[in-house]
Amino acid sequence: MVGWAIALHGGAGDIPIDLPENRRIPREIALRHCLDIGVAALKSGKPPLDVAELVVRELENHPDFNAGKGSVLTTEGTVEMEASIMDGKSKRCGAVSGLTTVVNPISLARLVMEKTPHIYLAFDAAEAFARAHGVETVESSHFITPENIARLNQAKEFNRVQLDYTAPTPKEPENCGDSQIGTVGCVAVDSAGNLASATSTGGYVNKMVGRIGDTPVIGAGTYANHLCAVSATGKGEEIIRGTVARDVAALMEFKGLSLAEAAAYAVDQSGPRGTCGLVAVSANGEVAMPFNTTGMFRACATEDGYNEVAIWPKN
């Protein structure tokens, strides 16, 4: 039975089961808020591409997620944001990397898709393209929050590139348990089976300047076709190696797997435990949200009334 569906995520990783309420509750509220916005947009007849962009913009504007305003810092203390978006029916897509001033990278990715003959623009060229098209920009200092400076200093102290929700070591202060917050993404399908996916991130804490992750790589962090739409989160290098998002679609197309089977298999094969999670919807309104990490901030809703906001595995 065909029906609309939407799923979104705010990052997967080693999220402590005892995550303090002051860090858990604002993210749960934000996920619920973004889910409600997406559901209302789908019910009003907006195309899934518009819905996915709209929801990811909201997540980018929330400082508790690692995208847009909440983007974490490179080893040089700078922000380099990236995003991509894809329409399932046409397979049109757009991607951007290395952004330092763009308020909503996901919307710039869509402009690349719609206003250029290309798929991917990065760094100075992407910034220039944003200015030429009147995209909202701010001084890069807008993204340099005290919280992210503290996260960078913590990562430097322990000489590591920090992944999503890195748990504290015994030497670390107890309140640094989520020293990197999560990539964001949204997938949506309407009642006609049209699909879209969008993903946005600031990357890893203390990443090398110029590092590009899976988020803007079509087929790795983001993918949509006539069968499904997928947005991934986790360890970008492993997700790129595994072409995780495309694998979900390929397993459905060539092996005849259901969305749930394909998504679970793609996550299982993505690498060691703790590698990734994803959200996905199918053309007939199914939802899958598997992960092999401790947890994944996630939410979904379907036309038949199912509604969920969750972090850790269900009992």
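The values are calculated or read from the model by the stated rules, or taken from the named source; none is laboratory data. Note that the structure is a prediction, hence the values are computed from the model and not measured. For neighbour counting, all protein chains shown are included, and Cβ atoms are generated from backbone atoms with ideal geometry for every residue, glycine included. The accessibility values were calculated without ligands, DNA or RNA, using every heavy atom of the protein model including side chains. Shrake-Rupley method; radii C 1.70, N 1.55, O 1.52, S 1.80 Å.
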Query raised in the report: With respect to the numbered conditions (1) open to solvent by 40 Å² or more (accessible area, probe 1.4 Å); (2) modelled with pLDDT of 95 or more; (3) in a helix (DSSP H, G or I); (4) not polar (S, T, N, Q), which one is the sole condition not fulfilled by F129?
Result: (1)
Query raised in the report: Out of the range 222-248, which residues are in a loop (DSSP other than H, G, I, E, B), of a type outside the set (A, V, I, L, M, F, W, C) and in contact with a helix residue (DSSP H, G or I) (Cβ under 6 Å, 6 or more places away or on another chain)?
Result: N225
Query raised in the report: Which of (1) in contact with a strand residue (DSSP E or B) (Cβ under 8 Å, 6 or more places away or on another chain); (2) under 27 Å from L152 (Cβ atoms); (3) modelled with pLDDT of 95 or more; (4) not in a strand (DSSP E or B) is the odd one out, the single condition G274 does not satisfy?
Result: (3)
Query raised in the report: Just wondering, is there one or more residues in the range 275-284 that are of a type in the set (A, V, I, L, M, F, W, C) and over 20 Å from G213 (Cβ atoms)?
Result: yes
Report summary line: Filtering the range 9-37 for residues that are buried (at least 22 other Cβ atoms within 10 Å of the Cβ) and under 19 Å from V287 (Cβ atoms) leaves a count of 7
Query - Tally of residues being in contact with a Leu (Cβ under 9 Å, 6 or more places away or on another chain) and surrounded by 24 or more Cβ atoms within 10 Å (Cβ to Cβ) across the range 204-220 - result: 3
Query raised in the report: Among the residues of the range 67-81, is there at least one that is surrounded by fewer than 24 Cβ atoms within 10 Å (Cβ to Cβ) and free of Cβ contacts under 8 Å to residues at least 12 places away in the same chain?
Result: no
Query raised in the report: Among all residue pairs at least 6 apart or on different chains, which show Cβ distances below 6 Å where the first residue, located in the range 238-256, is under 16 Å from T199 (Cβ atoms) and the second is part of a helix (DSSP H, G or I)?
Result: V244/A266; D247/A266; V248/A262; V248/A263; V248/A266
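Residues checked against (1) in contact with a helix residue (DSSP H, G or I) (Cβ under 8 Å, 6 or more places away or on another chain); (2) within 29 Å of W4 (Cα to Cα); (3) modelled with pLDDT of 95 or more; (4) open to solvent by less than 50 Å² (accessible area, probe 1.4 Å):
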position	(1), (2), (3), (4)
V39	no, yes, yes, yes
L42	yes, yes, yes, yes
L49	yes, yes, yes, yes
E53	yes, yes, yes, yes
C93	yes, yes, yes, yes
P117	no, no, yes, no
**Report entry** Failed item, numbered, when M296 is tested on (1) assigned to a helix (DSSP H, G or I); (2) surrounded by 24 or more Cβ atoms within 10 Å (Cβ to Cβ)
**Finding:** (1)
Report task. Have a look at N159, N175, N194 and point out the one that is at pLDDT 95 or above and open to solvent by 30 Å² or more (accessible area, probe 1.4 Å). Result -> N194
